1. 5 Å is the cut-off here: which amide hydrogens, built 1.01 Å from N in the peptide plane, fall below it relative to B:S176, excluding neighbours closer than 5 in sequence?
2. DSSP beta bridges in chain B, what fraction antiparallel, as a percent rounded to 5?
3. log10 I(q)/I(0), Debye, Cα-only the stretch A:131-178, no solvent, q = 0.13, 0.15, 0.26 Å⁻¹?
4. Select from the stretch B:277-308 all residues whose loss of accessible area on going from the chain by itself to the full protein assembly reaches 10 Å² or more (probe 1.4 Å).
5. Which value, in Å², gives the accessible area per residue of the stretch A:2-232 when a 1.4 Å probe is used on the protein heavy atoms?
6. Which pairs in the list B:K380/B:K405; B:K219/B:K380; B:K158/B:K220; A:K64/B:K33; B:K158/B:K380; A:K213/B:K380 are over 29 Å apart, alpha-carbon to alpha-carbon?
7. With only Lys, Arg, Asp and Glu charged, each at its Cβ (+1 for the first two, -1 for the last two), find how big the charge dipole of the stretch A:2-232 is about the Cα centre; round to the nearest 20 debye.
8. Go through the stretch B:369-407 and flag every residue whose accessible area shrinks by 50 Å² or more with all protein chains in place compared to the isolated chain (probe 1.4 Å).
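The values are calculated or read from the model by the stated rules, or taken from the named source; none is laboratory data. Values in this document were obtained by computation on a predicted structure and should not be read as measured data. For neighbour counting, all protein chains shown are included, and Cβ atoms are generated from backbone atoms with ideal geometry for every residue, glycine included. Side chains are part of the model used for accessible areas, which takes the heavy atoms of the whole protein and leaves out ligands, DNA and RNA. Shrake-Rupley method; radii C 1.70, N 1.55, O 1.52, S 1.80 Å.
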Amino acid sequence: MSVVTVQLGQCGNQVGQQLLHSLLCDAQDGQRKELCTASRERFFHQDTHGELVARAVLIDMEPKVINQSISRAARSGMWRYGETSHFSQKQGSGNNWANGFCVHGPAHREVVEELVRREVERCDRLSGLLAMMSVAGGTGSGVGTYVTQCLRDVYPKSFILNHLTWPYGTGEVIVQNYNSVLTLAHLYQLSDAILVHENDTVHQICSQLLNIKHISFADVNSVIAHQLGSVLQPALTADSQGAYSRNPL
Amino acid sequence: MTQSVVVQVGQCGNQVGCRFWDLALREHAHVNKKGLYDEALGSFFRNVDSRNCDGEAHVVGGRIQHLKARAVLVDMEEGVVNEILQGPLREMFDSTQLLTDVSGSGNNWAVGHMTYGSAYREQIVDKLRKAAEHCDCLQCFFLIHSMGGGTGSGLGTKVLSLLEEEFPEVCRIVTSIYPSAEDDVVTSPYNSILAMRELTEHADCVLPVENQSLVDIVKKIKHMSHSGKPGTVIRRESAIISGQGGLIGAEKPFDAMNNIVANLLLNITSSARFEGSLNMDLNEIAMNLVPFPRLHYLVPSLTPLYTLADVSVPSRRLDQMFSDAFSKEHQLIRADPKHSLYLACALMVRGNVQVSDLRRNIERLKPSLPFVSWNQEGWKTGLCSVPPVGHSHSLLALANNTCVKPTFMELRERFTKLYRKKAHLHHYLHVEGMEQSHFSEALSSLSSLIEEYQQLDATKGRLMPDAPRLRIAR
């Protein structure tokens, strides 16, 4: 039961990279072999050299963050992203939802659909698609909404889970309110489920529960990844008869 | 990665531009250890093979052969540009990027805008087009000029309107040096007001800088470095006014002040060039900080001004840096934002600063800063991991604040004093294409701008009623 992750925008790519990394680290931790195999199978596939390649598509309108995510993954030595599983443009969306939804989304529709199709075809059994993005920016929110719409059209029977990162209340982006409302208005009808992580709350977790003095986005992202892992990792239920075959989505 | 083209017009514009290129090279040399032509370098420079006669630009990833600046230099007298061409930066510009004439504009906006504007229109557009064609993905034009003179002010604003005509989708960020009250040019109020109208109509964003503030900052740093108190020795290349480590050795009189403006431009583009955990691109600046198209004057303020050399002295705390950014001494125009209304504010942080530090400081400073009622959380933040040369972290604050209103009112005052007596007017009216209506239109444009700021100010402290169409159904 595989999950294909679609990472959109700076936030989506940064959180997504951290998520895949945490999922794999969990699976290495000398747990039961079936759990490890099931978990790895869910989010990665093995290429011809035996390396783990993530079932993920990275999308952003400017190249810096994608390059960073790909190199961070490669540096871990445990896994990497597919060489051709990313798509970027030169100039970002400028925090403009309309730019993402009406301009960049339609312009690159075929390429993105092709990338996702390739990942989906590699799966034996597809549980569904996990789209990761933020709602404050331009690409994550605008392009993310458009891509969700396309995916809904192409895969009407699959589950689509949208993971949204909610910005800090005191503002990261001044037009974040516009971008968030426009995104949610569309996602309500397109998505099967929306999982929200608020930057403010996660920040509090880091400061009060984890007692981290200087919280960086890396800390915030690892908390988010940890929580997501608890939902997405393979689990046994009463009627699964000892096999990890339930669809997490 | 996108590219930006710098257009420097007039004596002031070219002198500031010269400092900018020097400091840009210094910054990239500091960061780029391997000598490879990377994308960050590509945003301001082209890599050409000088042996190849048509100067084909090289792709990213190769070794640096020969860097050419993405710039267009315009001046109506040859002195400044010749000086640049004889200095160590001459290799960076080739003749297709320069436009000079001999006689200058005589501190006359009309001569710059009308006479030279129409005479050189084709050539200017041609050179701009060439510069744009060398870019893969051109994102922004940076125009540097002064408001008080003739060329920078007149021809500079003509170039601005040409940029809008020829490249409408490319962002135009203008750095304008406003004259101080004791300016040496008598007609500077005329030139400034005539130019202001063009800026209001054709620029996407304006960063006003006042000479007097630059002078004050320079004085403060010099005072600090000469005070001789123990623990106050400043690291030489860290002062925001220093050009140490750059190519040009001897410091010329206005260099210290111009370095500050050059640093401003470097910091604005830092997040677009270098990586960071929260990137802020150039198109996001206009998007976030300009709520209404005409109100695009952003007050810049830079900290820290210097780093102390003595490592045993504990480094100035991060919080101090944030407080400084909102103090009057670090601003580049003389204004009082704390007693005026903030429409929006952007904090661009460079270096080793984490998001928690940013949040903590925003929480701390917010109560003392009056924000407009419909945008109480009006902050835009950016984190870039690469600090500037000589510092471990730095902060650039750009505020769209109604405190520019007094500055504009003062400018209008000085203008009306001269205009009432029609002093020096004939020099302008003798120029072909210039009419008295230009003056009155420019004055009314400025007055309506002031009026718009005034209306926003009047809402300070009060909750604004919603516009009828926005009434939310209950």
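1. Distant-sequence amide H within range of B:S176: B:L207, B:V209.
2. 40 percent
3. The Cα Debye sum returns log10 ratios of -0.34, -0.43, -0.92.
4. With the partner chains in place, the stretch B:277-308 has these residues losing at least 10 Å²: B:S277, B:L278, B:N279, B:D281, B:N283, B:E284, B:M287, B:N288.
5. For the stretch A:2-232, the per-residue accessible area is 41 Å².
6. B:K219/B:K380; B:K158/B:K220; B:K158/B:K380
7. Once rounded to the nearest 20, the dipole reads 200 debye.
8. Listed by number, the residues meeting the 50 Å² cut-off are B:E377.
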